[in-house]
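The values are calculated or read from the model by the stated rules, or taken from the named source; none is laboratory data. Computed from a predicted structure; not experimentally measured. So basically every Cβ, Gly included, is an ideal-geometry build from the backbone, and we count neighbours across all protein chains shown. Note: accessible area is taken over every heavy atom of the protein model, side chains too, but ligands, DNA and RNA are not part of it. Shrake-Rupley method; radii C 1.70, N 1.55, O 1.52, S 1.80 Å.
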Amino acid sequence: YSVPGHLWLNHEWSSELIMGTLYNHLGVFGLKLMKLGCAALIVVFLAASESETGAPPLIQFAILLVSALAIVPYIQFRPQVFSFALLSALIYMLTREVYGRRASPLWLAVPMLAVWANLHGGFILGIATLAIYSAVSGVQDVVNHRGIARALRLGAITALSTLATLANPYGVGAWRAVLHALFNPYTRIVMIDWQPLLKAIVLSWHSQAVGPIYLVLGIAPMAALALSFILSPSKDDLPLIAIAAVMSAAAFISVRNLPVAVIAITAPLARHLPRALERRWPAIRADPRAARPSSRLHQAILAMLALAILWFTDLFSNRLTSFDPYPVSACAFIKDHDLKGNVLGLFAWGEYLIWHLGPYSKVFMDGRYDTVYPQDVLEKFFVFTYNQAGADTALTKYPTDYVLILPTIGARKLMDSQ
């Protein structure tokens, strides 16, 4: 109700349709299946990418384990999980092409990007990945006098994939919404997952004991790849190294990009780490036991462990536990007493209130953030939230009927004084 009639460029409409449908038909269990499916695709594509490098299985397993643990906090009930899964698939296709063990149908990137552009704004990562790969590969071919045929093919795939992202309800508007979010400086001040990586480590260190561990696990592959590449420089996978370097830089700029960096790093790290280690431990690549396939007994044990984990982590439960409080009882009270009107609630509660109180009640602000709300509205909302000068403007300028907040935030003092 703070911006009635304002255009919403919903670049995640398809993800929200999927999640809403799953929730309506299967409840929380459906959402858990979606998250499990995306997580499984990520791990499978990372493992497949590593296998293309020919690295010893023990090295592959160690890298996969660290990568999976680093990504864990980012596998949430959010559209970003689709981006992680699709980026993993794209990296796998490029890995197959680079290491030459099998032909890679890179043309699949075109329909992939068309779907991706309707799932999450992370499709821009797919375009960046293809562009970096095409540019570095093209330069390499020219320098090595291999002609420009492959460069033209890769350039055409990148161009067609970029055009395919326009196949969405908003056309170029989807690009506009994503770029606006990327370059809005206010976002990096307010949003925790948009903070620089090193700052996020400091903040998480003060807020919880486990948080920094996951972030350090994300930095570890970056350091390992940099050191391994220095000790075993090679030009054969320079395009993948370039992608990993750019994604790592993006992670340091914004912590939300850390899983993207890990996904890009996994395959080239599996390639270079054994080469760097074999200088000190020559047997690491010659050990015949390292390449021995796992037995059916090992696979059965792993399958049983996986099922046990699924059972004990409440996969089959239709409930979710939130670490942050949500106004469950307050919403029940509002509905029981047939209260209707405009609700000024906490930022993190926006979509929750829309889901449970709409269409009879509207919210002032929700997590769609600057894809819906102009800068001046954002400022007035956060001034109210933190009870800064002019905090009452959100109440006097806009037709607010109810305020629903935690008693611990700054706005509590303002409300007590009214």
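The table that follows gives values for the structure above.
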quantity	calculated
Principal-axis tilt of helix 57-71 within the chain, Cα atoms, nearest 10 degrees	10
Check: the chain dipole with +1 on Lys, Arg Cβ and -1 on Asp, Glu Cβ, in debye	1180
Whole-angstrom gap from region 1-58 to region 316-335, using each part's C-alpha centre	22
Probe 1.4 Å, protein heavy atoms only - accessible area per residue of the chain in square angstrom	52
Within straight-line cross-link reach of K362, lysines at Cα separation under 28 Å, skipping those fewer than 8 residues along the same chain	K335, K340, K380, K397, K413
Residue-by-residue Karplus 3J(HN,Hα) for region 315-326, coefficients 6.51, -1.76, 1.60, Hz, glycine and proline x	4, 8, 7, 9, 10, 10, 9, 9, 6, 9, x, 10
Cα gyration tensor, region 1-156 - rounded (a/c under 1.5), prolate or oblate	oblate
Rg/Rg_ref, region 286-418, where Rg_ref = 2.2 N^0.38 Å and atoms are Cα	1.70
Residues whose placed amide H lies under 5 Å from that of V363, excluding near-sequence neighbours	V343
Candidate residues R412, R368: accessible-area rank, largest first, probe 1.4 Å	R412, R368
Extension gain from I409 to R368, taking 0.36 nm per residue of separation minus the Cα-Cα distance	12.6 nm
For the chain, calculated [θ]222 nm from helices alone, where every DSSP H run of n ≥ 4 adds -39500 (n - 2.57)	-20500 deg cm²/dmol
Carbon and sulfur %, accessible surface of region 362-413 computed with the full protein complex present, 1.4 Å	53
Region 363-418: C-alpha gyration tensor shape, a/c 1.5 cut-off, then a/b vs b/c	prolate
³J(HN,Hα) computed for each position of region 230-247 - Karplus, 6.51 cos²θ - 1.76 cosθ + 1.60, integer Hz, glycine/proline x	5, 6, 9, x, 8, 9, 5, 10, 4, x, 5, 5, 5, 4, 4, 5, 5, 5
Listed residues S329, S49 arranged by accessible area, highest first, probe 1.4 Å	S329, S49
Cut-off under 5 Å, modelled amide H: who pairs with V403 long-range	L344
Acute angle (nearest 10 degrees) that the helix 109-119 long axis makes with the longest principal axis of the chain, alpha-carbon atoms	20
Orientation-averaged projected area, Cα convex hull of the chain (nm²)	23.6
Karplus-derived HN-Hα couplings along region 298-305 (A = 6.51, B = -1.76, C = 1.60, θ = phi - 60°), whole Hz, x at Gly and Pro	4, 5, 5, 4, 4, 5, 5, 4
